[in-house]
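No lab work stands behind these numbers, since they all come straight from the coordinates. This one's a predicted model, so the numbers in the text were calculated from it and none came from an experiment. Cβ placement follows ideal geometry from the backbone for every residue including glycine, while neighbour counts extend to all protein chains displayed.
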Amino acid sequence: MKKMKLVMVGNGMAGVRTLEELLKLTPDLYDITVFGAEPYPNYNRIMLSPVLAGEQGIQDIILNDIDWYKQNNITLHLNKKVAHIARKNKVVVAEDGTEAEYDRLLLATGSSSFILPVPGKELAGVVGYRDIQDTNAMIAAAEKYKHAVVIGGGLLGLEAANGLALRGMDVTVVHIMPWLMERQLDDNSAQMLQSALQAKGLKFMLEQQTQELVSDGQGRVKSIRFKDGNEIPADLVVMAVGIRPNVALAEAAGIYCNRGIVVSDTMQTYDPSIYAVGECVSHRGTAYGLVAPLFDMAKVCANHLARMGIAYYQGSVTSTKLKVTGVDLFSAGNFTGGNETNQIVMHDVTGGKYKKLVLNNNTLIGAVMYGDTKDSSWYFQMIRDGKNVAEIRDQLIFGQSHLGNAGSQGQNLAATMTNAMEVCGCNGVCKGTIVKAIKEKGLFTLEDVRKHTKASASCGSCTGLVEQILASTVGGAYAPQATTVKPLCDCTTHSHEEVRKAIREEKLISIPQTMTFLNWNTTNGCAKCRPALNYYLLCAWPHEAKDDPQSRFINERANANIQKDGTFSVVPRMYGGITTPQQLRRIADVAEKYNVPTVKVTGGQRIDLLGIKKADLPKIWADLDMPSGYAYAKALRTVKTCVGSEWCRFGVQDSTQMGIDIERAFDHMWMPHKFKVAVSGCPRNCAESGIKDVGIIGVESGWEIYVAGNGGIKTVVAQFLVKVKTHDEVMEYTGAFAQLYREEAHYLDRTVHYVERVGLDHVKKHVVENAANRKALYARLLYALQGATNPWSKENINVCEFESLAI
Amino acid sequence: MNTWHEVTTLEEIPPLGARVVTTKQGDIALFRTAEGEVFALLDRCPHKGGHLSQGIVFGKKVTCPLHSWNICLDDGKAVAPDVGCTRSYPVKVENNVVYLSLA
């Protein structure tokens with residue numbers, strides 16, 4: 001089949017990102033031709049400020065070098081500005097006469113600096129601030145001249161002013177409004193910003209309107225005159241008063257434009273063969289000048305160019321971060337408020353900290369932060385998710401508590417860390433390594449950083465730190481993805497919820513069936529989605545969906561825990577932590593017979609045999625004659641107990657028996673992640689029920705049930721769910737909560753993550769307040785567990801898994 | 001010239017699974033894809049020596065069980081951005097019999 005022709009006009013970040021997304025989806029659908037007016041391949045425009053400030057060179061900010069275009073068979077025309085689109089014949093013509101036919105045309109013409117229409121605007125020494133050429137002109141001027149004036153106190157203007165000051169110029173920022181960055185900041189935070197920048201040597205003239213740029217008589221600017229008659233010297237004038245979408249080409253071709261090339265939610269213009277992305281478009285009346293929305297557009301546009309036709313762009317919530325070293329500033333969403341909204345404000349003038357959160361009912365809709373931006377990603381995520389914050393409203397302003405996070409020396413402020421300090425304690429990644437990778441490899445998302453540096457890719461406790469580093473390095477280009485729409489993995493565009501819903505409603509009972517129904521883009525998934533699908537199927541259709549061992553992580557396939565040297569560990573069940581001399585003797589015999597190098601007592605009150613060869617596992621299980629302790633599985637792990645009223649002089653309930661009963665009843669229960677339970681016989685809580693997925697505490701009059709605690713990476717105290725009177729009630733409530741978690745959590749979310757996402761009220765509504773629903777949940781769990789047997793028993797062992805071949 | 005050793009039959013390797021072959025050169029992992037192709041790699045991840053035979057197989061790749069590096073079954077190379085390579089061995093299937101060469 002003959003390939004279709006795709007022509008792209010404009011060679012910037014939005015356009016090239018669209019091509020990258022398109023090539024990922026369908027590498028061979030199009031012959032691609034790109035026209036770029038600049039002499040450079042695609043570069044990282046948001047890094048122009050560090051280039052101006054002398055922190056980076058131009059070669060450092062190239063995102064796609066010439067080789068990239070070659071490798072992807074893209075015909076690249078640099079230095080060729082397209083002059084004309086002949087829509088009738090579907091041809092574009094460049095100024096030098098180069099022509100290219102198209103079946104699909106992608107306009108990514110970007111935007112230009114808006115130049116104030118004042119006398120003298122055409123003088124030498126008057127520049128905008130948009131591309132490498134402007135940046136080079138400013139760098140050259142800084143070497144020769146003294147006085148710089150930046151017109152415009154917005155994001156770009158301040159970054160330009162900062163860069164020029166660092167290059168030794170005497171810089172004055174002229175702004176027409178009463179405070180700086182009025183589109184991103186309120187007056188309080190702007191005032192703090194201005195003081196900080198003044199301390200760096202910048203001068204400010206606010207509420208000043210430019211009248212004229214005065215010539216030195218030889219065609220170069222020498223001063224700037226204001227409406228009030230004032231005049232100050234200016235050898236360089238940078239216009240940073242805004243951008244204008246480049247629409248001339250589209251307009252001349254008769255494509256409908258209205259302050260931008262007007263596009264639909266599919267990024268299509270009024271000509272169905274022509275798409276547009278980036279700063280040149282107007283979508284639902286908005287033209288975006290930040291990078292993050294452009295990437296969202298690129299994804300959608302690529303989806304439609306690839307003829308998949310399922311993505312929609314519905315606008316973006318944007319955030320701002322000023323890339324001026326030493327200034328921590330963040331704003332997002334609607335922070336000015338209105339009649340319907342109210343605000344939570346914290347303002348410490350001496351300490352240089354300011355935080356304002358804007359809420360509509362109980363939804364966070366905007367945030368401004370100055371001085372302390374460590375929680376910016378957390379707030380931004382909530383704004384994007386539209387999350388109800390009623391439960392945490394009274395603590396919201398204090399930020400996400402990072403107390404107890406292990407592995408980062410207790411650090412929670414990325415800005416104060418030196419490059420040599422460790423961010424990710426799991427993989428030993430320092431701040432400097434992350435910053436370097438972000439800059440050199442052009443990374444924009446948390447996922448990118450994880451892939452390239454491994455930071456935050458293991459336990460995830462440093463995710464907040466990595467997000468801060470990412471946000472401060474790429475500025476407004478960083479946007480966390482709304483969790484509700486996050487795809488399950490790279491094999492699909494569907495979220496966890498969508499996948500679970502389809503499995504339930506369409507009664508899908510196998511992995512291939514699910515992948516086909518949901519248009520998976522790989523033939524047999526990956527190591528991320530297959531275990532998730534296997535679990536979702538087993539959970540939704542117990543006794544009908546067939547377990548697929550090859551879609552399980554090795555631990556659940558071998559029913560033992562793999563160690564770093566490839567040996568395994570074995571933890572037999574001891575219900576409720578109770579054992580017998582006979583069991584201990586058998587364990588001791590096995591340890592001797594198989595030369596088990598390490599015998600350890602676990603944190604969950606069980607005995608762990610470590611360093612066992614895989615081939616020995618079935619023999620050891622037979623000799624032990626004890627059931628599997630599931631210490632390797634996403635399942636009920638252990639029920640930790642104290643001795644309780646049977647022995648303890650303080651005990652008021654028989655916690656040991658309760659623990660045994662729970663562990664027996666909910667044995668063999670596959671779950672989204674591991675599930676730990678503890679039962680204490682009195683409020684002294686010796687079984688540590690406060691940090692378990694379900695923690696039960698006996699009191700004189702019954703039992704208190706706590707849920708969603710966690711003693712791991714992030715210590716989280718379990719929340720009180722309900723108090724009940726009887727043993728049977730404990731079983732029912734515990735089982736119902738477990739089943740709700742099984743049915744609703746994302747695979748690999750612990751209960752703490754799940755309850756944080758849905759809210760404790762949701763759990764109470766289903767498990768506590770609605771008795772019929774609780775009973776139904778419990779019944780579904782018991783049905784799922786019916787007939788489940790010990791995976792270590794002989795008839796359940798797949799011999800082929802454990803025997804090796806030889807030559 | 002390859003010296004082919006008869007190792008096993010195709011049925012003995014689960015689809016999207018692996019078997020370990022003990023040899024004088026160390027353990028070798030035999031992988032079988034969904035399409036029935038068989039590949040052989042030294043059973044050591046180039047990252048930290050994880051046993052690739054214990055990983056999850058998908059497409060023509062395997063994910064190491066230790067730190068989730070993805071390794072290509074046909075050439076033993078790690079999938080970018082990770083960098084590394086483990087040795088691959090010639091393997092052929094004839095009449096459902098799997099032959100391995102240690103050359």
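Points to keep in mind about this one:
- Label-to-label distance, residue A:647 versus residue A:486, with points set 7 angstrom from Cα along the beta-carbon direction: 4.4 nm.
- Taking each residue as 0.36 nm, the span from residue A:146 to residue A:720 lengthens on full extension beyond its C-alpha to C-alpha distance by 200.0 nm.
- When the charge dipole of chain A is built from unit charges on Cβ atoms (+1 for Lys and Arg, -1 for Asp and Glu) and taken about the Cα centre, the candidate among A:75, A:473, A:524 whose Cα reaches farthest toward its positive end is A:524.
- In percent, rounded to a whole number, the relative contact order of region A:638-789 is 18, using alpha-carbon pairs under 8 Å and six or more apart.
- Dipole moment magnitude, nearest 20 debye, region A:487-552 about Cα centre, only Lys, Arg, Asp, Glu C-beta charged: 100 debye
- Region A:714-732 residues near the modelled residue A:776 label - backbone nitrogen below 16 Å, point 7 Å along Cα→Cβ: none
- Where only alpha carbons of region A:560-606 are counted, the Rg and the Dmax (Å): 11.5, 32
- If a spin label sat at a point 7 angstrom from the Cα of residue A:124 along the line to its beta carbon, the backbone N atoms of region A:207-225 nearer than 16 Å would be those of A:214-223.
- Folded to 0 to 90 degrees: helix A:376-385 orientation relative to chain A principal axis, Cα: 80 degrees
- Leading residue at positive end of dipole, chain A (Cβ point charges), from A:208, A:218, A:245: A:245
- Distance between region A:262-307 and region B:60-103 - C-alpha centres, whole angstrom: 41 Å
- Residue A:132/residue A:188 FRET efficiency (R0 35 Å; Cβ-Cβ; nearest 0.05): 0.45
- Net dipole in debye of region A:638-789 [+1 Lys, Arg Cβ; -1 Asp, Glu Cβ; about Cα centre; nearest 20]: 260 debye
- Estimated FRET transfer efficiency when R0 is 51 angstrom, pair residue A:199-residue A:265 (beta carbons, to 0.05): 0.65
- Which listed pairs, of A:146/A:353; A:5/B:77; A:674/B:61; A:3/B:61; A:227/A:321; A:24/B:61, have C-alpha distances above 24 Å, in listed order: A:146/A:353; A:5/B:77; A:674/B:61; A:3/B:61; A:227/A:321
- Cα-based radius of gyration for region A:428-478, normalised by 2.2 N^0.38 Å, reads 0.97.
- Segment residue A:789..residue A:349, full-extension length gain: 151.9 nm, with 0.36 nm per residue of separation and the alpha-carbon distance subtracted.
- Taking N as its residue count, the alpha carbon Rg of region B:17-86 over 2.2 N^0.38 Å: 0.97
- FRET efficiency, residue A:762 to residue A:619 (Cβ-Cβ, R0 41 Å, nearest 0.05): 0.30
- What separates the Cα centres of region A:208-248 and region A:759-780 is a distance of 67 Å.
- Convex hull volume of the Cα atoms of region A:678-797, normalised per residue: 132 Å³.
- Cleavage-rule hits, trypsin sites (Lys or Arg not before Pro), region A:673-734, DSSP coil, Cβ neighbours within 10 Å at most 13: A:684, A:725
- Relative to the compact-globule estimate of 2.2 N^0.38 Å, the Cα radius of gyration of region A:487-552 comes out at 0.96.
- Leading residue at positive end of dipole, chain A (Cβ point charges), from A:19, A:633, A:272: A:633
- Zone residues, region B:42-58, relative to residue B:25, backbone N less than 12 Å from point 7 Å out along Cα-to-Cβ: B:42-43
- In loop segments of region B:1-98 as defined by DSSP, the GluC sites (Glu not before Pro) with at most 14 further C-beta atoms inside 10 Å of their C-beta are B:35, B:37.
- Rg followed by Dmax, in Å, when region A:319-398 is reduced to its Cα trace: 12.2, 36
- Residue separation of residue A:226 and residue A:447 scaled by 0.36 nm, minus their Cα-Cα distance, works out to 74.7 nm of gained length.
- The fewest-to-most ranking of A:171, A:241, A:717 by surrounding Cβ atoms within 10 Å reads A:717, A:241, A:171.
- Eigenvalues of the alpha-carbon gyration tensor of chain A, scaled by 5 and square-rooted, set the equivalent ellipsoid semi-axes at 58, 32, 24 angstrom, largest first.
- Sparse-neighbour loop sites [trypsin sites (Lys or Arg not before Pro); region A:586-662; at most 15 other C-beta within 10 Å; DSSP]: A:613, A:649
- Principal-axis analysis of the Cα atoms of chain A puts helix A:496-505 at an angle of about 60° to the longest axis.
- Rounded to the nearest 20 debye, the dipole magnitude of the protein assembly as shown is 500 debye, with +1 charges on Lys and Arg beta carbons, -1 on Asp and Glu beta carbons, and the Cα centre as origin.
- Relative contact order (%) - chain A, alpha-carbon pairs under 8 angstrom, separation at least six: 7 percent
- Under 25 Å from the Cα of residue A:507 - lysines, other chains or at least 8 residues apart: A:486, A:528, A:546, A:634, A:775
- The alpha carbon centroids of region A:8-47 and region A:122-148 are separated by 28 Å.
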